[in-house]
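Quick note: the coordinates plus some simple rules give every number you see, no bench work behind them. Just so it is clear, the structure is predicted and the values come from calculations on it, not from any experiment. Glycine gets a Cβ as well: all are built from the backbone with ideal geometry, and neighbour counts include every protein chain shown.
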Amino acid sequence: MSVTIDRDGEVAVVTVDNPPVNALGQALRQGLWDAVETLDSDPSVRAVVLICAGRTFIAGADVTEFGKPPVPPHLPDLVDRLEQATKPWVAAIHGSALGGGFEVAMGCRFRVALDSASVGLPEVTLGIVPGASGTVRTPRLAGVEAAVELVTTGRPVKAAKALSMGLVDAIVSGDLRAEAVAFARKTLVQPLPQPISARPVTSPDGAWWDDQRKAIARRARGEIAPLRALDCLRMAAEKPFAEAMAHERATFLELRASDQAAALRHIFFAERAAPKPAHLEAKPREIHSTAVIGGGTMGAGIAAALREAGLPVVLIERDAEAVERGLANLRSIFDGAVKRGKLTEAQARTRMEGVTAGSDYALLADTDLVIEAVFEDLSVKRAVFARLGQTCRADAILATNTSYLDPRLIAEGLPNPDRFIGLHFFSPANVMKLLEIVPTPTTAPGTLATGFALARQLGKIPVQAGICDGFIGNRILKRYRAEAETLVRDGTPIAAIDAAMRAYGFAMGPFEAQDLGGLDIAYLQREGARAAGQDVPETLGDILVRAGRKGQKTGGGWYGYAPGDRTPKPSDTTAGLLAGRIAAGPTLTAEEIASRLTSAMAAEGKAILAEGIALKPSDIDLVEVHGYGYPRWRGGPMFAAGG
Ligand code: T1G
């Protein structure tokens, strides 16, 4: 860690260097404090530029210090000290100025950002609120509305938007240091703006705040920090600076010690550890060309994810008609992104231009990576790999997107099986961040490393899974659903179970989710297992599917649905079909229901760890949070169970 000072005439340049992300640990806080003191007492210095070495401006307080007792100088005091400096400081921002980093920038009189930079206050994503004036100075800098959006969502904004919100004073490109020094020089010939803490703030009326609270509560689904952040922002808009600062600090310290913050820190660090598991030593293969076999929902989603990462894609389907359908699926993904403003028309066109489609496997003769995403049937998949084995280079990586079949059986007879691996994407594959990586006993370390490298290239969270029925995620899902059915058999109403899991933080309960996805997927899976001679007991879901109730797509499943309406309604038909299987039982509270189901997930997780199907508990938590909607602020089933 270093804080160095050099000069450009009457402008001093303070450079912070604390890899990897210039986090504001105690040493850096002290270094900056000393720099302010030094420069304040140097009459030859008339302005100061604060800039960072490395890939980013200060990315926040050092999260690894959160469990330790706070050591001075405390960040709020450092920000005040910067603001009281006798010379104007200009924060020169590149990469991400986040949390305490943006608060330090607000201690400076001006903020100049590189056009590729972003700024934000993501503290709520760590279960806390900004703790060094983020909720108090931001409304004074950019207005209450902008501050509420920035702080309660925790979403950073790009430089252009930051300028329009008033969060930065100028955007520059090219040589940030030179531009910032020039900007600093200009400030010397114009009146200085007031320090942010002294600027007025206008509070919207009570109704506006109430509307914000309702909207944030709906979005938060039990997460505390966003609503506490709103309280701090209102205090900042209605009370004097010092009073609001005291409130913010008290809230920050309270939430930092909370269970939700501990859970969110657990997920934060698990996400950062996931792409580089300790056992991965081999060098990954470089991937410059890819192909996807199958243009259905999963295939098109995977092709879109590969295109998002800038990789050229060959899309293979069995015949011309299916090829057109595959291209249409892909096109509709990009068109949807244009409609949502995520892509421009031109970007969508470029995405499609990078796709070659056909049914001739000869197109794959020189492809680096091929991902199979055809119908979930063993013989169909084996036929695909037989052709890939004849066509592709011996060192091409061949992957299957199977979610239930045994990858070893799919790869049976494949020449050079060391290049084969399971890459289990989640639907929609271009959106869902989770990627289960499933090596077989013959998968080479280099192939496994390539799977992880591909995840980084696609911005996915990779989790290595062993081979068993459903790998990690679907196996736990099966246990979760079975436990939910047991509660129904014991007399707990379906709607009460769904309500309990929504109250726990899930977007949907187990039965609503099945009705949305379709009960027949798991049913066919069970029937397949029964046909293979496995003893799979009849489930309540089987009874419904056999009665034609597959969910929303058939107008009814666990619930009933009015035509054109997706609102689940208790169904007499379902009650009638299941009547004989349901016994009267104790009425459980929502907490008891949630505890039963999440404990069952954790118990299955324990078994998965014991069998070596998952390498560590946090991997299971990442699977559940990024693949199955487990509330992030609960930390995942293993963390929630104290694992
Ligand atoms: N503290 C400590 N370590 C951090 C860190 C932080 N704030 N941010 C990142 N790291 C580590 C990370 O664990 C990893 O370590 C390495 O840096 C690279 O990270 C008072 C209290 C900046 C956008 O929430 O969003 O300020 O695994 O892989 O993809 O109000 O890191 O290599 O050992 O993510 O290039 C608010 C969190 C804190 C920002 C870079 N700040 N960081 O992304 O790299 S709370 C944040 C990020 C706060 C004040 C409050 C991202 C990044 P390792 P990486 P990246």
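Candidate cross-link partners of Lys214 among the aspartates and glutamates, defined by an alpha-carbon separation under 18 Å and a same-chain spacing of 8 or more, comprise Glu145, Glu149, Asp205, Glu223, Asp231.
Residues in the range 603-615 carry Karplus couplings, in order, of 5, 5, x, 4, 4, 4, 5, 4, 7, x, 6, 10, 8 Hz; the curve used is 6.51 cos²θ - 1.76 cosθ + 1.60 with θ = phi - 60°, and Gly or Pro positions show x. Taking 0.36 nm per residue of separation and subtracting the Cα-Cα distance, full extension of the segment from Lys433 to Glu149 would add 99.8 nm. Residues Ser403, Ser599, ranked from the fewest to the most other C-beta atoms within 10 Å, line up as Ser599, Ser403.
Within a Cβ distance under 13 Å of Val172, other residues only, what is the Lys/Arg minus Asp/Glu net charge? Residues near Val172 contribute -1 overall.
For Gly557, the residues 5 or more places off, or on other chains, whose built amide H falls under 5 Å of its own are Gly551. Taking the range 490-508 and a reference point 7 angstrom along Cα→Cβ of Ala583, the backbone N atoms nearer than 11 Å belong to 490-491. Listing His74, His279, His94 from fewest to most neighbouring C-beta atoms within 10 Å gives His279, His74, His94. Taking other C-beta atoms within 10 angstrom as a stand-in for reagent exposure, Thr567, Thr4 fall in the order Thr567, Thr4, fewest first. Listed by chain and number, the aspartates and glutamates whose alpha-carbon sits under 18 Å from that of Lys550, ignoring those within fewer than 8 places in the same chain, are Glu485, Asp498, Glu512, Asp515, Asp520, Glu527, Glu538, Asp542, Asp565, Asp572. Using a simple spin-label model with pseudo-atoms 7 Å out from Cα toward Cβ, Lys553 and Arg81 lie 6.3 nm apart. For the chain, take the longest principal axis of its alpha carbons; what is the angle in degrees between that and the long axis of helix 378-391, to the nearest 10 within 0 to 90? Taking Cα atoms only, the helix is inclined about 70 degrees.
If you take all other residues with their beta carbon under 12 Å from the beta carbon of Pro70, and give Lys and Arg +1 and Asp and Glu -1, the sum is +1. Electrostatic tally near Tyr561: other residues with Cβ closer than 12 Å to its Cβ, Lys and Arg +1, Asp and Glu -1, net +2.
Summarising the label geometry, the points placed 7 Å from Cα in the beta-carbon direction at Ala507 and Lys161 lie 1.9 nm from one another. Of all beta bridges that DSSP places with both ends in the chain, some 30 percent have antiparallel geometry. Compared with the dominant principal axis of the Cα atoms in the chain, helix 297-308 is inclined by about 30°. Over 19 Å apart at the Cα level, from the set Lys87/Lys161; Lys460/Lys553; Lys161/Lys342; Lys276/Lys478; Lys87/Lys158, are Lys87/Lys161; Lys460/Lys553; Lys276/Lys478; Lys87/Lys158. Calculated on C-alpha atoms, the gyration radius of the chain divided by its Kirkwood radius gives an Rg/Rh of 1.01. For the range 39-53, backbone nitrogen atoms closer than 11 Å to the point 7 Å from Glu10 Cα along Cα-to-C-beta are found at 44-47. The angle between the Cα long axis of helix 241-256 and the main principal axis of the chain comes to about 30°, on a 0 to 90 degree scale. For Ala465, nonlocal amide neighbours, meaning residues 5 or more places apart or on other chains whose placed amide H falls under 5 Å from its own, are Ile437, Val438.
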